[in-house]
Structures are given as C-alpha cells and as structure tokens.
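These notes are about the structure you will find just below.
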Amino acid sequence: MSRVLMKGNDAIGAGAIAVNCRYYYGYPITPQNEIGEYMARELPRAGGVFIQAESEVAAINMVYGTSATGARVMTSSSGPGISLKMEGISYIAAAELPCVIANIMRGGPGLGNIAPSQSDYFQATKGGGHGDYRLIVLAPSSVQEIYDFTRIAFYLADKYRNPAVILGDGFLGQMMEVVEILDSEADDDYATGPEKPWATTGCEGREKNVINTLLMEPDQLEAHNWKLNRKYRQIAENEKRVVMYRTEDAEILVVSFGIAARISREAVDMARSEGIKAGLIRPITLWPFPDHAFNDLDSVKGILTVEMNTGQMLEDVRLSVNGRVPVEFYGRTGGNLPDSKDVLEEIKKIGGV
Amino acid sequence: MSTVLKKTRSLEDAALHYCPGCSHGVVHRLVGEAIDEMDLREQTVGIAPVGCSVFLDAYFDFDIIQAAHGRAPAVATGVKRALPDRFVFTYQGDGDLASIGMGELVHAAARGERITIIFINNTNYGMTGGQMAPTTLENQVTTTTPEGREARLSGYPIRVPELLCSLQGAVYLSRVSVHNPKNINKAKKSIKKAFQVQRDGLGFSLVEILSVCPTNWRMNPVQSIQWLEENMIEVYPLGELKTVQGVS
C-alpha cells in the first residue's frame, strides 16, 4: 500500500488499471475530463489502448467490441454524454457483456451546467436505455471509495456479465484526497477475472461464438428476458451494500448517497450532540437498492432523504419503507450542496423539536 | 476425378432468408470464399449490421458480433484494438453505413483502423420495406419518396468511397458490382485485395458492392439486374477509387 494525494477522477483511472483494465474509450465532457487524460497518459505505459472517440456513441460501441473479446474495458462521461451512450448500454446489457461506465454527474436536464449533481439517479438505476435491463450501480463518497469501488465494479461486471456503473458527481471527481493505493496488481483480489469462453476472439480450436441481441421469436426473447431477470434477482440477493451509521437506536433516519451522504453524516453528528437520536443509511449500491436496511424501523419516527436532485432515490426509500413511517425529502440542485445546518433543521422538523 | 467446386467452409449449410434475386447471397459467398482462400476463418471476427444482413451469424461459420444500427465500425475498432492480429470486418448496408452510421464510418477511416468494410449499396432500406436511403438515386421511387427522390427536398446520392478518398487512414477504397459473372469475379478480387490490405496492416479498406433489391424495387430479378446496369453504374462508377502499391 502507498498513500498518495489523488484527484477523484484520476482515482477511477488508477483503480481501473490496478485491476487490469487496459482499454478506455471516451469523449471529452466536463467535469470528468481528467479520467480520459489520465488514461491517455497511463494506459500506453501499461500496454493498453486509449482512444478519444469521435462521439459518446462511438465510445460505448468500442467498449462493446472490446468487451466482446473478453478484455476488461471502460468508458466514462457525464450526464449528457451518458444519455448518448444509452443505446450502447442497452445492447451491452442485452448481450451480457461486462464493462465499467463512470458517470461523474453534472447538472441537468439538457445541457444543465458543469456543476455537481446527483440527478442521474433514475437514469442509472431505472434503465435509461430501452428494454428490460439493470445496471449494477456503485455510489462512492470519497476519493478512496472511487478507487476501491472502481476495482469492485470490474469484479462485479465480470462476475455477472453485466455493465457496472460508478455514479459519482463533479465534487467527487474534482476533489483531492489521500488514497491508499495498491503497489502491485498481485495484491488485488479483483485483478483477475473469470475465464470467458464466450468471447469472440476467432474460432480457432472451438465452435464459433456469437454475440447477438436480436431474438426474433417471441418465445426466444421472453426466455432471454427471464434469464436476465433471474440474474438481476441473483445480484439483488448477493450484492446489496450499505453503510449504517449511528442507526442502532435512531429515531430519525437520514438516507443519502455519495457526496450528499458526507454532509448528511455531519448533520447526524450535530443532531446527536443536541440529544436527537439521528442515524444515517448510506446506500453503496444504488442498484440493487439496499432495502434490507429498512427492515427494522421499530424505533424510527421518521425518515429524511437528502439528495442533490428533486427527489429520485426518495422513490426507492419509500418503496423500501412501504408506508410504515413518514419519508420526507430535502434536496438541492443546480450545483448547490445541501448545507449540514439545513439538513439538521429538516431532522429537527421530523423530530418535532 | 478432380474437384472443380467445393462447399465454402466459412459458410453455414443454411437456407438464406433473403428474397429471390437479392445480391446478399452472392456477396456472402464471395466473402466466405475470400476468407477460405486466405485461410482466415479461425482468425476472423465479423461484425453484423442492422438491416437485412443482421442475421450474418446464421450464414457464416466464424465468430460474429451483431452491432447496433450504424455502429459496426466502432465495434470493429474495439475488437481490432484488443486483438490486433485477428481479421476483423464489418458487413453493412447503405442505410446502416451511410446514414445513421456515417460518423462511425468516417472516423474509423480517419483513424486508419485496420479493418475492412463490405458495403452493400442497393439504394434503399431493405429490411424496413424500401424507404429512401442516402444512396437512393435522383427520381427513384421509394416508399418515402413516392414521387421519386427530388434533390431539392431530399438531397443527392452519397458516393461513399469518393467521400472517404481524402482521408489518409483510408488506403483501399473500391466500388464493384455483382450483377453479372464478370463483375462478380472482379468483386471477389477486390474483396481479397481489401482483406490483404488489412492483413498487411496498411490501414482502412472498404469495398462498396452495387447490389439489387428486387422486392423493394418492385421488379423481378432480371429486371432489377438491368436496372442496376442501366441506372446505378452511371451514378456509382465502378473501379478502385484509391489503392496501394504492392498489394494484389
């Protein structure tokens, strides 16, 4: 292990290279340009390939091609670019190809702005592209987690033959923090993926392999849809990840992910110091959503969801709570951060203080 | 007894779904023969488009990836960069390649990707029922140009190899036709040359193949061959638009 000062966007590249990702295709868009620039510099040194694609659409389709050969590959973008990639993401999910996609979210809709946001939650977790598919979505809240979750994302993508998303935001991408990084790939549990006998590499010594997403017969496509669904249920069973902070005796739960969760955590501490029993649920996997974190609500009077959007994860929280206790919302958008004092005020409102 | 003709190893023993008189069958055979003769089958990854030839994997006995509409050159790029010693080609129609996939095409050529593109020009969208393509001739009737393609409203036919000629990365660009045996033989030579350009690592290669679409042209196969000869070749002249020395 080495301790280095690193920018969030660079940590994505470092994490990817650490687990043997050798192919990156991307298109410039703020606030994630450092990822492509890092890869352009570092991948050739690692014997890999960087291509600045002519478009987001081309980039994701290059990912499709490289993933089909069995090699680890990634792309990255921000909201507007991710929208363009959605066609390709649907195909990659349909073809059950592993890859990693980082979305360093900016404000939307439309061109929005280049300031941080969490408003692509729906797009990442509810589909985004056409058809019935799911993406594994990991939400880091520090530069260390960006490095770690990127490595985990490659592992999960390979394990389930499914695209995995790192859903960060402009703050996380641009901030610098101290990160513990691995000195060699040999130390990394996630560095080696499974065998990929399905890869299209030329059929020497075997029957031909086909990567295809067209299933014209309704029974064929239905069988494929349910096969995918079984996989998604298996992922939901195995891979839900969540951090619970001071929740054991909590009467008020704050639910928040990514950078917003760091502010919410501070608000929880402030509430505790005032004698309010607050706790934080921080989903790590946004899909599969860690609904099990809401199983025991016996001591809970109310829940506050804090996001940098107008209420998206809120829907998953309400589904998980299923009406057992009131679920309120506090959000900031446009590049604004929630202030921990304002979150504290919202906590107090729920507590009737 | 000597063998005069044998089955093409790279082709599956499958009945084609293509319409009677369609050129796809002939071109599939030519591609298969070229791959066999150059001993490439086990090194090949073919990229299928969206369009009539989307079912490429049913007809070729080598690895196939089916791409989204127009994206085959980007997918091929991803394959070739990861596996530079394999043989990678795309097979695309005119709607797929020259309309929705123009960006991917031009930039794969500009980068000089070591891939080969087999480009079927039959002047219309076949699979969706005969709509106007970028290659539709002026005054040609299609389902979306019911009075004939009027340039003032719908623009002019795109000549793809000519368009790509200025790009340094595109090193072999040709246009052939498969409307009679003489041209079929020439087409095969050109396909093999394009493949050799890739094997030699020289850059991007593309062969446009003038093809017939009797069903959507509302003609019988014989009429469609005559129509191609009398109308298409004038707009799409045959020959090597750009070539390299030392490759045959």
Study note, to complete from the structure: Taking first residues from the stretch A:281-300 that are outside the structural domain of residue A:250 (by TED's automatic domain parsing) and at pLDDT 95 or above and second residues anywhere that are surrounded by 22 or more Cβ atoms within 10 Å (Cβ to Cβ) and of a type in the set (Phe, Trp, Tyr), the pairs with Cβ under 6 Å that are 6 or more apart or on different chains are none
Check your understanding: Which one is surrounded by the most Cβ atoms within 10 Å (Cβ to Cβ), of the residues in the stretch B:33-47 that are within 13 Å of chain A (Cβ to nearest Cβ) and over 13 Å from the mean Cα position of the chain (by Cα)?
Key -> B:45
Review point. Which ones in the stretch A:39-69 are farther than 19 Å from residue A:86 by Cα and more than 8 Å from chain B (Cβ to nearest Cβ)?
Key: A:39, A:40, A:41, A:42, A:43, A:44, A:45, A:46, A:47, A:48, A:50
Exercise for review: Just give me the residues in the stretch A:204-243 being aliphatic (A, V, I, L, M), under 30 Å from residue B:42 (Cβ atoms) and out of contact with any helix residue (DSSP H, G or I) (no Cβ under 7 Å at 6 or more places or on another chain), in sequence order.
Suggested key: A:216
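If you scan the stretch A:331-352, which residues turn out to be closer than 15 Å to residue A:300 by Cα and not in a helix (DSSP H, G or I)? Show your work before the answer.
Of the residues in the stretch A:331-352, the ones closer than 15 Å to residue A:300 by Cα are A:347-352.
Once the filter is applied, which keeps residues that are closer than 15 Å to residue A:300 by Cα and not in a helix (DSSP H, G or I), the stretch A:331-352 yields only A:352.
When you look at residue B:62, is it within 11 Å of chain A (Cβ to nearest Cβ), among the aromatic types (Phe, Trp, Tyr) and surrounded by fewer than 24 Cβ atoms within 10 Å (Cβ to Cβ), yes or no?
Numbers: within 11 Å of chain A (Cβ to nearest Cβ): yes; among the aromatic types (Phe, Trp, Tyr): yes; surrounded by fewer than 24 Cβ atoms within 10 Å (Cβ to Cβ): no.
So residue B:62 does not fit the description; no.
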Review point. When you go through (1) within 8 Å of another protein chain (Cβ to nearest Cβ); (2) buried (at least 24 other Cβ atoms within 10 Å of the Cβ); (3) within 27 Å of residue B:19 (Cβ to Cβ) one by one for residue B:57, which number turns out not to apply?
Key: (2)
Exercise for review: Could you give me the residue pairs with C-beta distances under 7 Å whose first residue belongs to the stretch A:190-213 and is touching a residue at least 60 places away in the same chain (Cβ under 8 Å), whose second residue is hydroxyl-bearing (Ser, Thr, Tyr) wherever it lies, and which are 6+ apart or on separate chains?
Suggested key: A:190/A:155; A:199/A:69; A:200/A:69; A:201/A:69; A:211/A:200; A:213/A:91
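Can you tell which of B:90, B:8 is modelled with pLDDT of 95 or more, more than 8 Å from chain A (Cβ to nearest Cβ) and over 30 Å from residue A:49 (Cβ atoms)? Show your work before the answer.
Numbers: B:90 fails: over 30 Å from residue A:49 (Cβ atoms).
Unique residue meeting the criteria: B:8.
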Review point. Taking only pairs six or more apart or across chains, which ones have beta-carbon atoms under 6 Å, a first residue in the stretch A:312-333 that is surrounded by 17 or more Cβ atoms within 10 Å (Cβ to Cβ), and a second residue that is among the aromatic types (Phe, Trp, Tyr) and at pLDDT 95 or above?
Key: A:312/A:121; A:312/A:122; A:313/A:121; A:314/A:329; A:316/A:289; A:320/A:294; A:321/A:294
Check your understanding: Among the candidates B:112, B:148, B:129, which residue alone is within 14 Å of chain A (Cβ to nearest Cβ), over 17 Å from the mean Cα position of the chain (by Cα), part of a loop (DSSP other than H, G, I, E, B) and surrounded by fewer than 19 Cβ atoms within 10 Å (Cβ to Cβ)?
Key -> B:112
Check your understanding: Can you name every residue in the stretch A:67-78 that is surrounded by 24 or more Cβ atoms within 10 Å (Cβ to Cβ) and either more than 20 Å from residue A:38 (Cβ to Cβ) or over 21 Å from the mean Cα position of the chain (by Cα) (or both)?
Key -> A:67, A:68, A:69
Review point. Which ones in the stretch B:91-119 are more than 19 Å from residue B:165 (Cβ to Cβ) and either among the β-branched types (Val, Ile, Thr) or touching a Phe, Trp or Tyr at 6+ places or on another chain (Cβ under 7 Å) (or both)?
Key: B:95, B:100
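Can you find a residue in the stretch A:257-271 that is outside any loop (DSSP other than H, G, I, E, B), touching a strand residue (DSSP E or B) at 6+ places or on another chain (Cβ under 7 Å), more than 21 Å from residue A:142 (Cα to Cα) and among the aliphatic types (A, V, I, L, M)? Walk me through how you get there before you give the answer.
The first filter runs over the stretch A:257-271 and keeps only residues outside any loop (DSSP other than H, G, I, E, B), leaving A:258-271.
If we keep only those that are touching a strand residue (DSSP E or B) at 6+ places or on another chain (Cβ under 7 Å) too, we end up with A:258-261, A:264-265, A:267-268, A:271.
Checking which are more than 21 Å from residue A:142 (Cα to Cα) leaves us with A:271.
Filter again for among the aliphatic types (A, V, I, L, M), leaving A:271.
Scanning the stretch A:257-271 turns up at least one residue that is outside any loop (DSSP other than H, G, I, E, B), touching a strand residue (DSSP E or B) at 6+ places or on another chain (Cβ under 7 Å), more than 21 Å from residue A:142 (Cα to Cα) and among the aliphatic types (A, V, I, L, M).
Residues to consider are B:61, B:57, B:39; find the one that is charged (D, E, K, R) and in contact with a Leu (Cβ under 7 Å, 6 or more places away or on another chain). Walk me through it before giving the result.
Numbers: B:57 fails: in contact with a Leu (Cβ under 7 Å, 6 or more places away or on another chain); B:39 fails: in contact with a Leu (Cβ under 7 Å, 6 or more places away or on another chain).
Going through B:61, B:57, B:39 in turn, just one is charged (D, E, K, R) and in contact with a Leu (Cβ under 7 Å, 6 or more places away or on another chain): B:61.
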Check your understanding: Looking at (1) within 14 Å of another protein chain (Cβ to nearest Cβ); (2) among the polar types (S, T, N, Q); (3) in contact (Cβ under 8 Å) with a residue 60 or more places away in the chain, which is the only condition residue A:90 fails?
Key -> (3)
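Taking strands (runs of 3 or more DSSP E) that fall entirely within the stretch A:1-107, which contain at least 3 residues that are at pLDDT 95 or above and in contact with a Lys or Arg (Cβ under 9 Å, 6 or more places away or on another chain)?
Qualifying strands (runs of 3 or more DSSP E): A:49-52, A:73-77, A:99-105.
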Check your understanding: Is at least one residue of the stretch B:39-60 touching a Lys or Arg at 6+ places or on another chain (Cβ under 7 Å) and part of a loop (DSSP other than H, G, I, E, B)?
Key -> no
Exercise for review: For the stretch A:238-264, enumerate the residues that are within 21 Å of the chain's Cα centre (by Cα) and without any contact (Cβ under 8 Å) to a residue 40 or more places away in the chain.
Suggested key: A:238, A:245
Review point. What number of residues within the stretch B:129-154 are without any contact (Cβ under 8 Å) to a residue 12 or more places away in the chain and of a type outside the set (A, V, I, L, M, F, W, C)?
Key: 5
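The values are calculated or read from the model by the stated rules, or taken from the named source; none is laboratory data. In this text, all values refer to a predicted model and were calculated from it rather than measured experimentally. Cβ sites come from the backbone with ideal geometry, for glycine too, and all protein chains shown count toward neighbours.
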